[in-house]
Amino acid sequence: MNDIDRRLRDILKRTREIAVVGVSTNPVRASYFVARYLSLRGFTVYPVNPGHAGKELFGQTILADLSECPDTVDMVDIFRRSEHVPPIVGQALEVFPDLKTVWMQIGVENHEAAAAAEARGVDVVQNRCPKIEYQRLFGELRMGGFNTGVISSKL
């Protein structure tokens with residue numbers, strides 16, 4: 001396992017509570033099925049989207065803002081365009097004293113926000129999906145998950 005994979009695996013193993021910013025109630029949207037998958041894997045997922053605040057999703061009430069989440073969130077998963085990331089990260093750094101990870105979804109990168117989080121000791125992952133990485137690194141092979149090098153027949 002290479003250093004990047006080891007780092008991602010460590011992040012996913014230590015994470016317990018995830019605020020998913022930009023979650024959708026539409027089951028065909030990536031933010032919906034990623035949040036659903038993470039909740040089914042035992043993570044506590046707090047859906048955040050002001051446009052759907054008050055609705056229920058995966059047994060949780062959708063929240064309008066990160067400040068409505070419990071302060072025990074240790075990862076913020078961002079499904080917003082790259083230019084919208086800095087204020088989200090800024091707020092996350094303010095409201096979550098034990099924040100360990102800022103995760104920006106596939107196609108989302110913001111080096112300014114990443115630098116701000118890293119300066120506070122927070123790990124940053126950009127342009128990746130925790131669902132894909134979880135499946136790949138913990139041996140849950142699906143159609144696109146062959147030859148990951150993680151599963152072996154050797155004992």
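Test of understanding: ordering VAL34, VAL124 by Cβ neighbours within 10 Å, fewest first, what list do you get?
Starting with the residue having the fewest Cβ neighbours, the order is VAL124, VAL34.
Quick one: of the DSSP bridges fully inside segment 3-137, what percent are antiparallel, nearest 5?
So the antiparallel bridges in segment 3-137 amount to around 10 percent.
So for the pair ASN26, ALA64, with labels modelled 7 Å out along Cα→Cβ, what separation do we get in nm?
The answer from the label model is 2.3 nm.
Where the only charges are on Cβ atoms (+1 Lys, Arg; -1 Asp, Glu), what is the dipole of the chain about its Cα centre, to the nearest 20 debye?
For this selection, approximately 740 debye.
Straight distance only, please: which aspartates and glutamates reach the Cα of LYS131 with their own Cα at less than 20 Å, same-chain residues fewer than 8 apart left out?
Straight-distance partners of LYS131: ASP3, ASP5, ASP10, GLU17, ASP74, ASP77, GLU109, ASP123, GLU140.
Could you estimate the translational diffusion coefficient of the chain from the Stokes-Einstein equation, with Rh from the Kirkwood formula over C-alpha pairs, at 4 °C and 1.567 mPa s, in whole µm²/s?
82
Taking the highest mean first, how do the peptides 112-122, 91-101 order by number of other beta carbon atoms within 10 angstrom per residue?
Order by mean packing, descending: 91-101, 112-122.
Quick check: convex hull of the Cα atoms in segment 43-130, volume per residue, rounded to a whole Å³?
It comes to 89 Å³ per residue, whole-number rounded.
Please give, to one decimal in nm, the separation of the simple spin-label points placed at LYS55 and ASP71, each 7 Å out from Cα toward the Cβ.
3.1
Summing -39500 (n - 2.57) over the DSSP H runs of n ≥ 4 in the chain and dividing by its residue number, what mean residue ellipticity at 222 nm do you reach, to the nearest 500 deg cm²/dmol?
So the calculated ellipticity at 222 nm is -9500 deg cm²/dmol.
Coordinate-derived values only; no laboratory data. On a predicted model such as this, the values are computed, not experimentally measured, just so you know. Glycine gets a Cβ as well: all are built from the backbone with ideal geometry, and neighbour counts include every protein chain shown.
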